[in-house]
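Working notes for the structure below.
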Amino acid sequence: MKVRSISILGSTGSIGDSTLDLIRRNRSEWRVVALTAQNRVVELARLAREFAAEVAVIGDESLLSQLREELRGTNIAATAGQQALIEAAAYSADITVAAIVGCAGLAPTMAAIERGGTVALANKEALVSAGEVMTAAVLRHGATLLPVDSEHNAIFQCMAGSDPTDIRWITLTASGGPFRDWSAERIVRATPTEAVKHPNWAMGAKISVDSATMFNKGLELIEAHHLFPVGLQKLRIIVHPQSVVHSMVEYRDGSTLAQLGPSDMRVPIASALAWPARMDTPCEPLDLAAIGELTFRAPDEVRFPATRICREAALLGGGIPAVLNAANEVAVAAFLAGQIGFTRIAAHVENVLSAYAPPPPASLDDVLAIDREARLRAMSLMELA
Ligand code: NAD
Ligand code: MG
């Protein structure tokens with residue numbers, strides 16, 4: 001059996017943890033090149049030792065001496081800072097898992113793409129912000145982008161080998177988040193603790209809040225638009241509270257293909273790691289008789305305006321989705337810090353979008369400049385509010 005090499009950007013997060021769980025179970029099949037984290041230095045060092053990584057990178061430079069200390073006695077290289085993250089992402093590996101949260105993952109993900117490697121993409125904000133710049137880089141450098149986001153992984157599997165012009169619809173399923181059955185009055189008072197408690201999935205704080213606002217599904221609509229270029233008018237969203245059907249593709253002959261599975265990110269991650277083959281996961285087989293019912297309903301864009309805001313931003317395209325993403329990141333951080341109420345997140349994103357409409361970015365630097373400017377504007381608009 002051929003040993004494959006892997007780097008994990010964002011190894012201490014929820015996706016990083018699920019990925020390493022799969023590697024741990026198939027230890028002899030993998031060689032770990034680089035592991036990165038932003039500030040959980042003890043955890044990063046522990047993982048680097050356990051998986052005998054070649055390099056451990058900590059984003060926060062002030063933690064470099066502690067990382068070196070934690071790795072003393074090993075021959076694991078320790079580096080730190082944004083440039084080190086980018087360098088680590090560019091190291092040769094059979095697969096690079098892009099699992100940093102937010103636009104902070106964009107430059108490292110682009111470095112992995114520019115090396116022409118295979119990138120398992122969880123970091124949706126990077127693709128939302130960089131859109132055409134990233135997909136053009138994938139083509140130019142002959143990279144392979146494998147979607148890890150469960151919906152996109154489902155669509156990727158349902159589309160295998162088919163002609164995109166045969167597709168009538170791509171339907172993204174959404175759990176609807178923890179507030180899907182709450183009244184508008186109750187949603188206004190939702191707290192960070194309530195927002196991060198997702199009914200079906202265990203995830204990082206930012207994506208959990210995005211699931212509660214439905215910005216997650218809106219960002220995923222933009223993500224799907226770039227990964228599967230069938231046209232925005234063929235992409236739609238349906239609420240499916242059980243999170244068993246992870247997405248669907250309907251063809252022009254009336255056939256709909258769906259991918260089903262447990263609500264466990266190890267399934268789509270394994271699909272990307274083993275692609276085009278398959279690998280074992282420890283997940284329980286799907287017991288549809290025990291689940292009993294699969295239900296579907298239309299999204300409510302009055303209580304949850306985020307999917308409308310994202311669709312409008314995707315239609316405008318260019319630099320607008322990067323503004324949307326940056327404004328959402330700033331608003332989610334403010335909500336988690338107790339500075340703004342839950343429903344202010346969407347209102348705030350709309351305010352920033354109406355205040356800043358940059359020209360389309362032509363390069364990674366352009367996207368990063370738009371992201372920086374949008375954050376500044378989002379922060380000053382929030383102070384005014
Ligand atoms: P998380 O918050 O649990 O982990 C984020 C990781 O990124 C950590 O390792 C952290 O150290 C690192 N990181 C954070 N800020 C950074 C920065 N400024 N610079 C460098 N590294 C930084 O997040 P997560 O839930 O694992 O999500 C990661 C990505 O995967 C997100 O884009 C999310 O939308 C996407 N995703 C997650 C899930 C899920 O189930 N968790 C599902 C689908 C997609
Ligand atoms: Mg998803």
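The values are calculated or read from the model by the stated rules, or taken from the named source; none is laboratory data. Computed from a predicted structure; not experimentally measured. Backbone-built Cβ (ideal geometry, glycine too); neighbour counts: all protein chains shown. Ligands, DNA and RNA are stripped out before the accessible areas are found, and what is left, the full protein with its side chains, is counted by its heavy atoms. Shrake-Rupley method; radii C 1.70, N 1.55, O 1.52, S 1.80 Å.
Could you compute the net charge surrounding residue 259? Neighbours are other residues with a C-beta less than 15 Å from the C-beta of residue 259; K and R count +1, D and E count -1. Combined, the nearby Lys, Arg, Asp and Glu give -3.
Solvent-accessible surface of protein heavy atoms, probed at 1.4 angstrom with all chains present, puts 291, 222, 15 in the order 291, 15, 222, largest first. Taking the accessible area of the range 152-317, probe 1.4 Å, and keeping the other protein chains in place, the carbon and sulfur fraction comes to 55%. The range 152-317 has equivalent-ellipsoid semi-axes of 25, 21, 15 Å, by the square roots of 5 times the alpha carbon gyration tensor eigenvalues, sorted largest first.
Ratio of Rg to Rh for the chain: 0.95 [Cα atoms; Kirkwood radius as inverse mean 1/r over pairs]. Across 203, 265, 214, 1, the residue with the most accessible area heads the list, and the full order at a 1.4 Å probe is 1, 203, 265, 214.
Determine the shape class of the range 19-158: with a ≥ b ≥ c the square roots of the Cα gyration tensor eigenvalues, call it rounded for a/c under 1.5, and otherwise prolate if a/b is greater than b/c, oblate otherwise. Since a/c reaches 1.5 and a/b is larger than b/c, the shape of the range 19-158 is classed as prolate. Spacing of the modelled spin labels on residue 354 and residue 294, each 7 Å from Cα toward Cβ, amounts to 4.1 nm. Each other residue within a Cβ distance under 14 Å of residue 3 adds +1 if Lys or Arg and -1 if Asp or Glu, for a net charge of +1.
Cβ under 10 Å from residue 301's Cβ, residue 301 left aside: what net charge do those residues give with Lys, Arg +1 and Asp, Glu -1? With Lys, Arg at +1 and Asp, Glu at -1, the neighbours total +2.
If you average the C-alpha positions of the range 206-225 and of the range 18-59 separately, how far apart do those two centres end up, in angstrom? The two parts, judged by their Cα centres, are 27 Å apart.
Between residue 52 and residue 191, the FRET efficiency from the beta-carbon distance, with R0 = 41 Å, is close to 0.45.
Quick one, could you list the DSSP H helices from the chain stretching 27 Å or more along their long axis (Cα atoms) with average Kyte-Doolittle hydropathy of 0.0 or above? All intermediate terms of the calculation are to be shown ahead of the outcome.
On the way: long enough: 364-384 (30 Å, 0.24).
Span-like helices here: 364-384.
If you take the Cα centroid of the range 283-331 and the Cα centroid of the range 92-121, the two points sit 23 Å apart.
The heavy atoms of residue 149 present about 10 square angstrom of accessible area, all protein chains included, probe 1.4 Å. The listed residues 237, 58 rank as 237, 58 when sorted by accessible area, largest first, using a 1.4 Å probe.
For the chain, the per residue solvent-accessible surface stands at 42 Å², with DNA, RNA and ligands left out and a 1.4 Å probe.
The figure for residue 379 is an accessible area of roughly 90 square angstrom, using a 1.4 Å probe on the protein chains alone.
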